[in-house]
Amino acid sequence: MKSLTLQLNGSKVTHEVEPRETLADFLRERCRLTATHLGCEHGACGACTVAVNGQATRSCLRLAIMCEGQSVQTLEGLEDDPTMEVLRRHFHQSHAVQCGFCTPGMLMMARDILLRMPNPNAQTIRDQLSGQICRCTGYSGIVTAIVAAGRELGGAERPQP
Amino acid sequence: MKAAAFDYAVPKSVAEATALLGSNGAATAAIAGGQSLLPLLNLRVALPDLVVDLARLEELKEIAATQTNIRIGALTTHAAIEDGKLPEAFGGLMQKVASKISYRAVRNHGTIGGSVALADPAADWPGCLLALGAHVRITGRKGTRSQPIGEFVLGQYSTSLAADEIIVGFDVPRPDAALRCGSFKVVRKSGAFANSIAFAISYGRGGPAAVVLAAAADRPCLLPAVAERIKAGEKSEDVLRDAIAQDVAKHVAKDDPYLMRLHTSTVLRALREVQAK
């Protein structure tokens with residue numbers, strides 16, 4: 001076991017971890033932050049997407065111990081985030097959710113897209129979202145929701161990741 | 001889908017990293033972005049005793065322009081290249097190649113050094129760097145050496161790296177204004193490794209040219225007959241197809257008409273991009 005200290009959703013957190021533990025398992029099992037979902041555990045599905053130092057990251061493809069001293073944001077930490085607030089509302093309005101398993105990863109990636117690319121069109125969103133797998137919705141509602149959120153945020157001041 | 005237990009070390013210098021790697025007969029693995037190693041660990045395909053984390057080595061992050069070369073540190077991420085962080089655009093080639101590697105979340109951590117060290121035959125960087133004539137800079141316990149990437153990659157997941165050696169970075173010859181680049185990649189599922197990738201560079205009629213096909217053989221291969229036609233300014237598609245067939249047949253079994261058509265098509269599209277500029 002090794003000691004790991006990182007900034008988790010704005011708070012300093014220290015835990016003993018095994019080197020083989022992925023960031024995803026660390027978040028779910030040690031920190032009890034279960035918004036981060038684990039689908040494939042080898043980087044194919046995108047359900048476990050979080051932000052590390054502000055950059056979209058597959059938490060199943062990162063050892064927790066590699067995040068020493070880094071900043072990690074999960075969906076739980078973005079409740080009051082202005083971009084996430086708009087995304088949440090449009091996901092609701094466009095019915096961008098069915099079973100909900102992929103939704104945390106979709107929201108994290110959607111926020112990353114909107115922070116990098118103001119007001120993206122549907123094609124850009126489909127390209128950028130191609131690493132997130134949803135087996136229920138057929139993606140239409142999700143793309144519609146992100147287009148609408150991008151439009152609403154397009155003129156506003158953009159918060160930094 | 002959980003990795004087997006291993007030990008983990010964060011060396012503070014390249015010398016410390018090379019001392020740890022391959023030491024005492026232990027199975028050691030170097031990790032940078034981990035975007036290829038983590039799936040292999042999670043699937044228990046890779047079973048190292050010790051994982052050596054190179055991600056904090058500043059010497060591997062250097063990006064610089066010298067008189068003759070663009071120096072690209074091994075830890076440079078695909079996302080950094082996609083976002084235009086290199087001091088030279090290489091006719092837009094490296095930015096375009098980076099933007100089509102896997103997904104953004106993977107590009108944020110995956111590194112150019114890690115991609116070349118793994119030497120997956122269908123990876124993007126080994127072929128791209130071969131077309132650009134890059135050298136690999138390598139450091140081990142015995143010192144530092146430099147090797148053309150065409151000699152560095154020996155085959156499928158096989159390179160000239162000794163157990164104690166790491167890639168420090170790449171020296172890519174600085175192009176002049178005449179450089180024209182093209183590339184084309186076929187991927188059945190977005191984000192997966194490619195079925196066929198072609199890279200073409202040209203310095204205009206009479207100037208140097210290089211054409212590379214990746215994901216066809218056990219390593220990226222140069223297509224010299226096609227490069228000769230590009231150098232001569234050949235525009236005829238029939239002539240180019242003959243040259244492609246001649247080169248590709250050396251690397252792909254001719255009795256697979258699908259693969260022959262696929263690779264011919266990616267090379268032709270890369271050539272058309274060069275010729276359209």
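Starting from the Cα of B:LYS2, move 7 Å in the Cα-to-Cβ direction to define the label point; list residues of the range A:54-82 whose amide nitrogen is under 19 Å from there. Flagged as within label range: A:59-66.
The Stokes-Einstein estimate for the range B:59-173, based on a Kirkwood radius over Cα pairs and taken at 37 °C with 0.692 mPa s viscosity, is a diffusion coefficient of 235 µm²/s. Surface composition of the range B:180-276: carbon plus sulfur atoms contribute 51% of the solvent-accessible area (1.4 Å probe, protein chains only, all chains present).
The range B:222-268 and the range A:1-65 have Cα centres separated by 46 Å. The calculated pair-distance distribution of the range B:1-130 uses every alpha carbon pair, bins of 5 angstrom beginning at 0, and gives 2, 10, 18, 22, 19, 14, 9, 4, 1, 0 percent.
Based on the convex hull around the alpha carbon atoms, the protein assembly as shown presents an average projected area of 22.1 nm². A simple spin-label model places the labels of B:ARG269 and B:GLN156 2.5 nm from each other, with each point 7 Å out along Cα-to-Cβ. Shown is the FRET efficiency for A:GLN7 and B:ARG261, computed with R0 = 45 Å from the Cβ-Cβ distance and rounded to the nearest 0.05: 0.30. With only Cα atoms counted, chain B has Rg and Dmax values of 18.9, 59 Å. Couplings 3J(HN,Hα) of the range B:241-252, computed from phi: 4, 4, 5, 4, 4, 4, 6, 5, 4, 6, 10, 10 Hz, in residue order, whole Hz [Karplus 6.51 cos²θ - 1.76 cosθ + 1.60, θ = phi - 60°; x for Gly and Pro].
In chain A, inverting the average of 1/r over every pair of distinct C-alpha atoms gives 15.9 Å as the Kirkwood radius. Total buried accessible area between B and A, probe 1.4 Å, nearest 100: 2400 Å². Annotation: aspartates and glutamates with alpha-carbon distance below 18 angstrom to B:LYS235 (same-chain offsets under eight excluded): B:ASP247, B:GLU273. Which trypsin sites (Lys or Arg not before Pro) does the range B:127-189 hold that lie in a coil by DSSP with at most 11 other beta carbons within 10 Å? Answer in residue order: B:LYS142, B:ARG188, B:LYS189. For chain B, averaging the sequence separation of C-alpha pairs within contact (under 8 Å, six or more residues apart) and dividing by the residue count gives a relative contact order of 16 percent. Using bins 5 angstrom wide from zero, how does P(r) for the range B:7-52 break down, in % of all Cα pairs? Here the calculated profile for the range B:7-52 is 5, 23, 31, 24, 13, 4, 0.
Of the solvent-accessible surface of the range B:7-52, computed with a 1.4 Å probe and all protein chains present, 56% belongs to carbon and sulfur.
The values are calculated or read from the model by the stated rules, or taken from the named source; none is laboratory data. Being a predicted model, the structure only gives us computed values, none of them experimental. Backbone-built Cβ (ideal geometry, glycine too); neighbour counts: all protein chains shown. With ligands, DNA and RNA removed, areas are computed over all heavy atoms of the protein, side chains included. Shrake-Rupley method; radii C 1.70, N 1.55, O 1.52, S 1.80 Å.
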